[in-house]
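Chemist: Below is the structure I would like to discuss, written out as structure tokens.
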Amino acid sequence: MDSKKTVLISGGAGYIGSHTAVELINAGYDVVIIDNFSNSEKKAIEGVRKITGKDVIFEEVDTCDKAALRKVFEKYPFDTVIHFAAYKAVGESMAEPLKYYQNNLVSFMNIVEMMKEFNRPNVLFSSSATVYGEAEKLPVTESTPRQPATSPYGNTKQIAEDILRDCCRAYSGLYGIALRYFNPIGAHPSALIGELPRGVPNNLVPFITQTAAGIRECLSVFGNDYDTPDGTCLRDYIDVVDLAKAHVAAVDRMTEDKMKEKYEIFNIGTGNPVSVLELITTFEEVNNLKLPYKMAPRRPGDVTAVWADTSLANDVLGWKAERSLGDTLKSAWEWEKNVRGI
Ligand code: UFG
């Protein structure tokens, strides 16, 4: 194993982690996946193996368990870690803030501490557009001021960004990149990996695919009285394979020593605002079906609109979202059908 070409992926069995593992392997990297399966399935690792035709090293490790994590660092040489392992349900984080602060921050600090202890240089952190809150000016650039977080989940993203910035500043051998994801959706074109939320989905696209599959009776559109062209919220929906490729571009930048600053931030989105109704209509059109949906009150905590200025990622990472919204929504439905045996 070449340490420069080996990447540790925490949460590598999860939705974005598994897609990123595939793209890294396709780009010639070796990956070591760690996951505790608290919100993911072993089948995802099988999916990565099937898609790539490569054996994937995998250890069942909770990133909060520092001793277990240390063993992973002792066992494998890797210069780069991508840290995905985290809880991600906004509503749950309001009800159980300690669970979120405990898990999401302790796991991240353990990673950074091990990087320091073992003199490993590169940390890539999964951040979120949630750090922008209700921005004053759209689209948001990386220098758009962050707004105070409206949930403990969002707060863990902001705090972890700050931890990484401060540690990169303080420790000479440490470099960090935070990728701020907009709304990741869709699945791998093979339909072998995708998003598999447990229980009732919080996010729009899994709710849509489960409704189309007959698991949910009717989709509720949360609010049609927003100050937007059709009254529903605007988001920047980014295809998960495109998003995974952004990680490869960021890892290349780190391993090829191209970073200009010790800590860098990139927005990862398409740059196109899409309303909830537009997304529903596109889903219906490309998959040739009708979706039962109704208007419902606003969901507390939702921002009216957020989408990315992606010029920094385009210019500096040489990365650009490629897949169309229609193709992405087709892949989401193919995956749901595959999972449900439809
Ligand atoms: N929506 C519905 N009905 C649903 C689910 C969602 O109308 O059943 C709407 C929401 O109101 C919102 C849009 O669809 O307007 C997108 O909602 P998602 O839950 O899919 O995504 P969010 O924009 O709320 O979530 C994103 C990220 C989270 C992040 C959150 C912070 O996916 O990781 O922003 O606001 F925490």
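Read the figures in this text as sums done on the coordinates, not as results from a lab. Note that the structure is predicted; figures quoted are calculated from it, not measured. Don't worry about glycine lacking a Cβ; one is built from the backbone with ideal geometry, like all the others, and counts go over all protein chains shown.
Chemist: Compute the acute angle (0 to 90°) between the alpha-carbon long axis of helix 240-255 and the principal axis of greatest extent of the alpha-carbon atoms of the chain; round to the nearest 10°.
Modeler: Long axis of 240-255 versus the principal axis of the chain: about 20 degrees.
Chemist: Quick one: compute the contact order of the chain, relative version, from alpha carbon pairs under 8 angstrom and 6+ residues apart, as a percent. Mind dumping the intermediate values first?
Modeler: Values: 690 pairs, mean separation 65.1, N = 342.
Here the relative contact order equals 19 percent.
Chemist: I've got another one for you. Between helix 66-75 and the chain, what is the angle of the helix's C-alpha long axis to the longest principal axis, kept within 0 to 90° and rounded to the nearest 10?
Modeler: Value to nearest ten degrees: 60.
Chemist: How big is the gap, in Å, between the Cα center of region 313-342 and the Cα center of region 173-205?
Modeler: Cα centroid of region 313-342 versus Cα centroid of region 173-205: 10 Å apart.
Chemist: Mind giving me the nanometre distance, one decimal, between the label points for Glu46 and Tyr101, set 7 Å out from Cα along Cα→Cβ?
Modeler: About 4.0 nm, to one decimal.
Chemist: Using only Cα atoms and rounding to the nearest 10 degrees, what angle (0 to 90) does helix 43-52 make with the longest principal axis of the chain?
Modeler: Tilt relative to the chain: about 80 degrees.
Chemist: List the pair-distance distribution P(r) of the chain, using every Cα-Cα distance, as the percent of pairs falling in each 10 Å bin from 0 up to the bin containing the longest distance, rounded to whole percents.
Modeler: 6, 26, 37, 24, 7, 1
Chemist: How do the peptides 309-318, 202-211 rank, highest first, by the average count of neighbouring beta carbon atoms within 10 Å per residue?
Modeler: 202-211, 309-318
Chemist: Follow-up question, since we're still on this one. Of the residues Val248, Val200, Val131, which exhibits the maximal mean-square fluctuation in a Gaussian network model of the chain defined by a 10 Å Cα contact cut-off?
Modeler: In the Gaussian network model the winner is Val200.
Chemist: Further, regarding this structure: Which pairs break 22 Å Cα to Cα here: Lys290/Lys330; Lys43/Lys88; Lys88/Lys320; Lys290/Lys320?
Modeler: Lys88/Lys320; Lys290/Lys320
Chemist: Report the full-extension gain for the segment Gln147 to Cys218: residue separation times 0.36 nm, less the Cα-Cα distance, to one decimal in nm.
Modeler: That pair, Gln147 and Cys218, stretches by 22.2 nm at full extension.
Chemist: Of Val140, Tyr181, Thr156, which is farthest on the positive side of the dipole of the chain, counting Cα position, with +1 on Lys and Arg Cβ, -1 on Asp and Glu Cβ, and the Cα centre as origin?
Modeler: Checked the options; the winner is Thr156.
Chemist: For Ser311 and Thr281, what is the calculated FRET efficiency with R₀ set at 22 Å and r taken between the beta-carbons, to the nearest 0.05?
Modeler: Efficiency for this residue pair is about 0.15.
Chemist: Now for a separate question. Calculate the FRET efficiency for Glu256 and Ala170 from the Cβ-Cβ distance with a Förster distance of 22 Å, rounded to the nearest 0.05.
Modeler: Using R0 = 22 Å, I get an efficiency of 0.35.
Chemist: Convert 25 °C to kelvin, take the viscosity as 0.890 mPa s, use the Kirkwood radius over C-alpha pairs of region 120-242 as Rh, and evaluate the Stokes-Einstein diffusion coefficient in µm²/s, rounded to a whole number. Write down the numbers at each step before the final one.
Modeler: Numbers: Rh = 17.1 Å.
My calculation gives 143 µm²/s for D.
Chemist: Sequence neighbours fewer than 8 away in the same chain don't count; with that in mind, list the lysines whose C-alpha is under 18 Å from Lys42.
Modeler: Within the straight-line cut-off, Lys42 pairs with Lys50, Lys54.
Chemist: On to the next question. Could you name the lysines whose alpha carbon sits less than 19 Å from that of Lys66, not counting residues in the same chain fewer than 8 places away?
Modeler: Lys75, Lys99, Lys116
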